[in-house]
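First up is the structure itself, then whatever we jot down about it.
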Amino acid sequence: MTETILGQFGVHGVQAHRDWPALTLEEAQAVLSHYDLSGLPSRIDWHSARPFSAAGLAYWKDGRQIFIKRHHNAVRDVEALTEEHRYIAYLHERREPVALPLTMANGATAYAAGEWTYEVFEPAQGVDLYRERMSWEPFFQARHAGVAGAALARLHLASEGYDAPTRHGRLLVSSMDAVGQTDLMAGLRRWVPTQSGLAEQIASHDWERSVRTTLEPFHKRLAPLLPKVRPCWGHGDWHASNLLWTVEDNAAQVAQIVDFGMADRTCAPFDLAVTIERNVIAWLALDSSTPVAYDQLEALLRGYQQIRRLNMSERALLTAFLPLVHVEFALSEVAYFGALLHDKASAQVAYDDYLLGHAQWFAGPDGHELLMWLEDFLMRA
């Protein structure tokens, strides 16, 4: 059977060019030979269009499947994947429906070969309803948003007590290392050197001036609330595409949670703000008449609150975090595209449209309306 290799989700939508070469059958066989899987796969029939890595489904002749994911070791080495896997194992022990990585004979859950690092999972349980849905695209319906909100609340409850440190310096994680400091500029000056190549990428920008004019006005609202933060690990990318679904009698439920690659020690309001940023704002179509899916946002928050009610401090933090929750990830993308991939155009988009553009949108009428709506809803909820 001929393998079908799709394009990739890029900064402006689906693109033909892939940042990383697709997995090959020979490569998959070499990696999977280190696992006790009773033989090797005979084909790869599906390749993920998600960016930042290469992933696919390997099939055996008897119908068995394995999900295999390859990272460049500058993005995720064995230590970094093991951090994610420990968190997944903790959630599994607390009966969260997470996909567990497979373990090799030596007990390791990540395998390194040359410049690549691999992780392997049994196929996810449930229907991949959002496989072709990009981040920043909404749910198909408000009910899905409500179910996802409730599932996120359960994950936050299950995460309590997990005290692993922050993933300081990792590329492409949803972190608040700098944003979570009372002095944003000082925090960024300390954090930027931890992102390989970032300082060089932003040297030509007057980035400190941009921070002062675009980001600090929002941070001034957040800073007095930071002493109320209760640190907690979060998923970091709670988009519908990272949830697998059961659909019975037209009533969808979350069957399994996947992809903890952006997880970090933040706090529940921060992780919930990431969820709002990922799912209900039409960042790819801001000129539409409905840039915010308010029905889905309301369902998401009601679903969350039914399981885990936000206290008054967390409600204020959620609204304050929302215009800033993207800051460190956007800057990390600048380093990823510019320094690692040498893709200057995408690095420029990450800086102008993502880092600054998203904050500027929140300063405009639509963003202001969203923040006022959120503040009012949380006051009444």
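Within region 281-299, the set of residues being closer than 16 Å to D376 by Cβ and open to solvent by less than 10 Å² (accessible area, probe 1.4 Å) comprises just one member, L297.
This table checks each residue for (1) among the aliphatic types (A, V, I, L, M); (2) under 30 Å from R308 (Cβ atoms).
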| site | (1), (2) |
| --- | --- |
| T103 | no, no |
| E115 | no, no |
| Y118 | no, no |
| E122 | no, yes |
| G126 | no, yes |
| L129 | yes, yes |
| M134 | yes, yes |
| A142 | yes, yes |
| G146 | no, yes |
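For region 166-184, the tally of residues that are open to solvent by less than 40 Å² (accessible area, probe 1.4 Å) and part of a loop (DSSP other than H, G, I, E, B) stands at 12. The residue that is farthest from I66 (Cα to Cα), among those in region 101-127 that are in a loop (DSSP other than H, G, I, E, B) and among the charged types (D, E, K, R), is E115. Condition check for G187 on (1) open to solvent by less than 10 Å² (accessible area, probe 1.4 Å); (2) of a type outside the set (K, R); (3) not in a helix (DSSP H, G or I): one failure, at (3).
Among the residues making up region 197-209, a single one is touching a Phe, Trp or Tyr at 6+ places or on another chain (Cβ under 9 Å), surrounded by fewer than 19 Cβ atoms within 10 Å (Cβ to Cβ) and at negative phi: H205. When T166 is tested against (1) free of Cβ contacts under 8 Å to residues at least 40 places away in the same chain; (2) of a type in the set (S, T, Y); (3) within 20 Å of F321 (Cα to Cα), just one condition goes unmet, and that condition is (1). Of the candidates E137, E119, the single residue that is among the charged types (D, E, K, R), modelled with pLDDT of 95 or more and out of contact with any Gly (no Cβ under 6 Å at 6 or more places or on another chain) is E119.
Taking (1) buried (at least 24 other Cβ atoms within 10 Å of the Cβ); (2) more than 17 Å from L172 (Cβ to Cβ); (3) in contact with a His (Cβ under 9 Å, 6 or more places away or on another chain) in turn, D271 satisfies each apart from (2). Just one of the numbered conditions (1) within 21 Å of A142 (Cα to Cα); (2) part of a helix (DSSP H, G or I) is not true of T290: (2). In this structure, is D36 touching a residue at least 60 places away in the same chain (Cβ under 8 Å), open to solvent by 10 Å² or more (accessible area, probe 1.4 Å) and over 22 Å from Q125 (Cβ atoms)? For D36, the condition - touching a residue at least 60 places away in the same chain (Cβ under 8 Å), open to solvent by 10 Å² or more (accessible area, probe 1.4 Å) and over 22 Å from Q125 (Cβ atoms) - is not met. The residues of region 12-50 that are in a loop (DSSP other than H, G, I, E, B), at pLDDT below 90 and closer than 23 Å to D128 by Cβ, listed by number, are A16, R18, D19, S48, A49, R50. Between V247, V258, V254, the distinction of being among the β-branched types (V, I, T), open to solvent by 10 Å² or more (accessible area, probe 1.4 Å) and more than 22 Å from the chain's Cα centre (by Cα) belongs to V247 only. Comparison of R309, R221, R209, R278 shows that the only residue that is closer than 30 Å to M185 by Cβ and without any contact (Cβ under 8 Å) to a residue 12 or more places away in the chain is R209.
Does L81 qualify as being at pLDDT 95 or above, open to solvent by less than 10 Å² (accessible area, probe 1.4 Å) and either under 21 Å from the mean Cα position of the chain (by Cα) or not charged (D, E, K, R) (or both)? Yes, satisfied.
The values are calculated or read from the model by the stated rules, or taken from the named source; none is laboratory data. Everything numeric here is computed off the predicted structure, so don't read it as measured data. All Cβ positions, glycine included, derive from the backbone under ideal geometry; neighbour counts span all protein chains shown. Each accessible area value is taken on the protein alone, full model and side chains, heavy atoms only, with ligands, DNA and RNA left out. Shrake-Rupley method; radii C 1.70, N 1.55, O 1.52, S 1.80 Å.
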